[in-house]
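The values are calculated or read from the model by the stated rules, or taken from the named source; none is laboratory data. The shown structure was predicted, so the numbers you read here are calculated from the model rather than taken from an experiment. Because the Cβ atoms are built from the backbone with ideal geometry, glycine has one as well, and the counts that use them run over all protein chains shown. Heads up: the accessible areas ignore ligands, DNA and RNA and are worked out on the full protein's heavy atoms, side chains in. Shrake-Rupley method; radii C 1.70, N 1.55, O 1.52, S 1.80 Å.
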Amino acid sequence: MRSGHRLGRRFGWLWGAYGTSSLGTWLAFGAFPLIAIQVLHAGPAEVAALSAVGAAVGAAVAVPLGPWVEFRRKRPVLITMDLVRFAALLTIPAAFALGVLTFVQLLLVSVVVAAADITFRAASGAFLKTLLPAEDLLVANARFESTAWTTTIVGPPLGGAAIGLLGPVATVVADAVSYLLSALGIRAMGGHEPPPERREPARMRAGDLLDGWRYILADATLRPLFFNTALFNGLVMAASPLLAVLMLGRLGFAPWQYGLAFAAPSIGGLLGARLARPLVTRFGQHRVLVATGALRAIWPVGLVFLGPGTGGLLLVTGVEFGLIFCCGVFNPVYATHRLERTATDRVARTLSAWAVTVKASTALLTAVWGVLGVLLGPRTAIGLAGVLLLATPLLLPRRAAARLSEPDPEPERA
């Protein structure tokens, strides 16, 4: 990122809102499972359902929201989704204080938050494309990526300390407040937002729900990238619970060592995000996209050699650092390329379809790898995920595509 590259006051408010809600999310990282275990005395099956079912059902609920968002001004949608998440999360401490908290409520809140999160991301991508000119999108996405990794470094240790002192419900309150502050920040942006280019149809048909997927699959560049990210993210996340079982169970790592092995490498994501724009300037968007997309796939297979002690801790830290560094470069470049390749009047539906697919595939693969972990053992299942990840670069776009030509509205700059 160029030093002093200004994107305007309105982007500054949006960036601040993103950072606030991201920090709140990481402060409450792991709070739901802890509440289920410590407060509601839930078993392993219920805890697994809380993660998998909540995300999958939330993704299904978000499917009709993509077309709905497309034909509305995006800033009010962003504010509404923040307030929905604030209100949903706040029901947990309220029920806990009244002594009426149940597992079903936790599950319902996780569904609402997952659906609102997908809708927010779809609306924010569409809003960003109208807020900034095309040449500034990579800088903006790199700043979002840097912020994401910074809050990943800072949030879990602070959240862990807060949980130790005040309990897991306190971090849920912090997460809820972060969404309220995010809504206030987006509200404070002010300014004019261009109206949607097309009006909402009088009656939404069932086929309209598939518009986002149709658009992705019809584009020769978006299609392979879509399958690549869904498979890559799903396999990486599917192996994470098995890695926790292996490290905290059979290999005897302490919880602080496990946390350190994943928090410290997040510095690599921060460094990668800062290098994204200089690398694209020097080598071009397509080369950076393909190179980092391929390099990020080679690291996870190394986890099959994980052993106990300091050597094992260094191995996990090194593998995660390499993986996260490559993702730190890849993610803003891929997000920018996706926006450039998507017509302005299709962004919300496309991003919604993309997020729904990634969440659903992650939930499915996590369930499958849970079964494989039981049948084959955690180490073998982790190795299998690593081997399959080595094939994901085959799904990356093989040639550079020209930027989509369309008469975008002139963004208002402060």
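Below, the figures for the structure above:
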{"item": "Per residue value of the accessible surface for the range 6-69 (all protein chains in place, 1.4 Å probe), Å²", "result": "45"}
{"item": "Normalised contact order of the chain, rounded percent, pairs of Cα under 8 Å and 6 or more residues apart", "result": "29"}
{"item": "Correct choice for Rg and Dmax of the Cα atoms in Å that was computed from the model, options [x] 24.2, 99; [y] 20.9, 64; [z] 27.9, 90", "result": "[y]"}
{"item": "Solvent-accessible heavy-atom area per residue, rounded to whole Å², over the range 267-345 at 1.4 Å", "result": "40"}
{"item": "Alpha-carbon spread of the range 25-98, three principal axes, descending order, Å", "result": "44, 25, 23"}
{"item": "Fraction of accessible area attributable to carbon and sulfur, the chain (%, probe 1.4 Å)", "result": "68"}
{"item": "Share of pairwise Cα separations in the range 304-381, more than 21 Å, in percent", "result": "56"}
{"item": "Cβ-placed point charges (K, R +1; D, E -1), dipole of the chain about Cα centre in debye, nearest 20", "result": "760"}
{"item": "Sites L376 and Q38 - FRET efficiency at Förster radius 30 Å, r taken between beta-carbons, to 0.05", "result": "0.45"}
{"item": "Computed [θ] at 222 nm, helices only, for the chain once each DSSP H run of length n ≥ 4 contributes -39500 (n - 2.57)", "result": "-24500 deg cm²/dmol"}
{"item": "Calculated diffusion of the range 1-135, Stokes-Einstein form, Kirkwood radius summed over Cα pairs, 20 °C and 1.002 mPa s, µm²/s", "result": "129"}
{"item": "Given charges at Cβ of Lys, Arg, Asp, Glu: the chain dipole, positive-most of V77, F144, T171", "result": "F144"}
{"item": "Range of Cα positions in the range 244-376 per principal axis (Å), largest first", "result": "51, 34, 22"}
{"item": "Unit charges at the beta carbon, dipole of the chain: most positive-side option, G312, L108, V47", "result": "G312"}
{"item": "Probe 1.4 Å, accessible area per residue of the range 106-162, Å²", "result": "28"}
{"item": "Among N233, P255, L275 - extreme Cα towards positive end, dipole of the chain, charges at beta-carbon", "result": "L275"}
{"item": "Overall Cα dimensions of the range 80-212, principal axis frame, Å, largest first", "result": "49, 38, 27"}
